[in-house]
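Trainee: Before we start, here is the structure in question, set down as C-alpha cells.
Values quoted throughout were computed directly from the atomic coordinates according to the rules given, and no laboratory measurement underlies them. Being a predicted model, the structure only gives us computed values, none of them experimental. Quick reminder, even Gly has a Cβ in these numbers, built from the backbone with ideal geometry, and neighbours come from all protein chains shown.
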Amino acid sequence: MSAGLHLRLAARAGKLTGPTCAVAPGLVQANLALIPAALADPFEGFLRVNPAAFPLLARGRPGVPVLPELGVGIDLRRDLPRYRVFRHGEPMADPLEITDLWRGDLVPFAIGCSLTFEADLVAGGVALRCHAPGKTCSAFDTHLPMHPVAPFGGNLVVSMRAIHSAQVPLATAITRAHPMAHGAPVHAGDPADIGVDLSRPIDGIGLNDIQPGEVAVFWACGVSLERAIAHAAPDLAITHAPGHMLITDLRATAQIPANP
C-alpha cells in the first residue's frame with residue numbers, strides 16, 4: 001500500500017483528523033474545492049489567472065468523487081481529515097466527511113499546497129519551527145487583490161513561515177522550484193506592507209510570532225479559495241479545512257540549487 005493511500009484510509013476511518021503538516025514528506029498535498037457545475041468554468045478561469053494562489057493539479061467530472069490522476073482509490077467525500085462547508089458563501093461547518101452533502105453537480109478541483117515543499121525546505125537546511133506533526137504554518141488575509149473572473153474575486157490569503165534572515169534566499173530558491181505548490185514567496189519582511197496582522201491568523205491556528213533574527217516570509221495560500229467562494233456565494237461549495245489537505249500519491253520533487 002502506498003504511503004498516500006495509507007494516510008487517506010486513515011482519514012477515511014476517522015484516525016487522521018488533524019492538520020497534515022509533516023505527515024506526508026515527499027508527497028504532493030492538495031487543496032480541494034467542490035464547486036457547482038454551473039460555476040465550474042468561470043472558477044477554472046479564475047484559478048488560471050491567479051496561478052500563484054491556485055496551481056491547478058486536476059479537475060474532475062461533475063458528481064464523480066474521484067481524481068484518479070492524483071492517487072489510487074481516492075474518495076473525495078471521505079479522504080480529507082476535515083472539510084469546510086459553505087452555504088451562500090458563508091462557512092457553516094467543518095465535518096470529517098461529506099458523504100451526506102454530495103451532489104451530482106459538484107465539480108472537484110485539486111490545487112497545489114505549500115505543505116508540499118516544507119520537507120524540501122528542511123532537507124535543504126532551512127530551519128522551520130512550524131514543521132512537525134501537530135504543528136502548522138499560519139495563514140493571513142492581505143489587502144492584495146486577486147484577478148477577478150466573475151463571479152469569483154477577493155483578496156489573497158498568504159501562509160507565513162518564520163525564516164532566519166540568512167536563509168531567506170535559500171528558502172526562496174527552493175520554493176521557486178515548486179511552482180505547483182505556490183512557488184516563490186510573494187513577500188518577505190514587514191507584514192503590514194501587504195496588510196497582514198500577525199495577531200489575527202485565520203482560524204487562530206499556526207505559528208504567528210517572529211523571533212530575533214527571523215523574517216516573516218509569505219507565500220500565496222490555497223485558503224484564498226475561501227475568499228473567492230465568499231465573493232461568488234454559490235448555494236453550496238466545499239473545501240478542505242485550512243491545513244487539512246488531500247494527500248496524493250504524487251511525488252514532490254524539486255532541484256535544490258547549490259548556490260541560491
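Trainee: Please count how many residues of region 222-240 are acidic (Asp, Glu) and more than 14 Å from PHE109 (Cα to Cα).
Mentor: Qualifying residue count for the region: 1.
Trainee: Restricting attention to region 156-215, which residues are among the hydrophobic types (A, V, I, L, M, F, W, C), within 19 Å of PRO242 (Cβ to Cβ) and touching a helix residue (DSSP H, G or I) at 6+ places or on another chain (Cβ under 9 Å)?
Mentor: LEU156, VAL157, VAL158, MET160, ALA181, VAL186, LEU198, ILE202
Trainee: Given LEU9, LEU70, LEU96, which one is in a helix (DSSP H, G or I), touching a Gly at 6+ places or on another chain (Cβ under 9 Å), surrounded by fewer than 22 Cβ atoms within 10 Å (Cβ to Cβ) and of a type outside the set (Asp, Glu)?
Mentor: The match here is LEU9.
Trainee: Suppose we keep only residues that are surrounded by fewer than 16 Cβ atoms within 10 Å (Cβ to Cβ) and among the charged types (D, E, K, R) within region 76-93. Which one would you say is nearest to ALA228 (Cα to Cα)?
Mentor: The selected residue is GLU90.
Trainee: Go over the candidates THR239, THR253, THR175, THR248 one by one and state the one that is without any contact (Cβ under 8 Å) to a residue 12 or more places away in the chain and among the polar types (S, T, N, Q).
Mentor: Among THR239, THR253, THR175, THR248, only THR253 is without any contact (Cβ under 8 Å) to a residue 12 or more places away in the chain and among the polar types (S, T, N, Q).
Trainee: Under 6 Å between Cβ atoms, which residue pairs at least 6 apart in sequence (or on different chains) link something in region 206-220 that is more than 12 Å from LEU128 (Cα to Cα) with a partner that is part of a loop (DSSP other than H, G, I, E, B) and aliphatic (A, V, I, L, M)?
Mentor: Here the result reads ASN208/LEU198; PHE218/VAL186; ALA220/ALA52; ALA220/ALA53; ALA220/VAL186, each pair linking region 206-220 to a residue that is part of a loop (DSSP other than H, G, I, E, B) and aliphatic (A, V, I, L, M).
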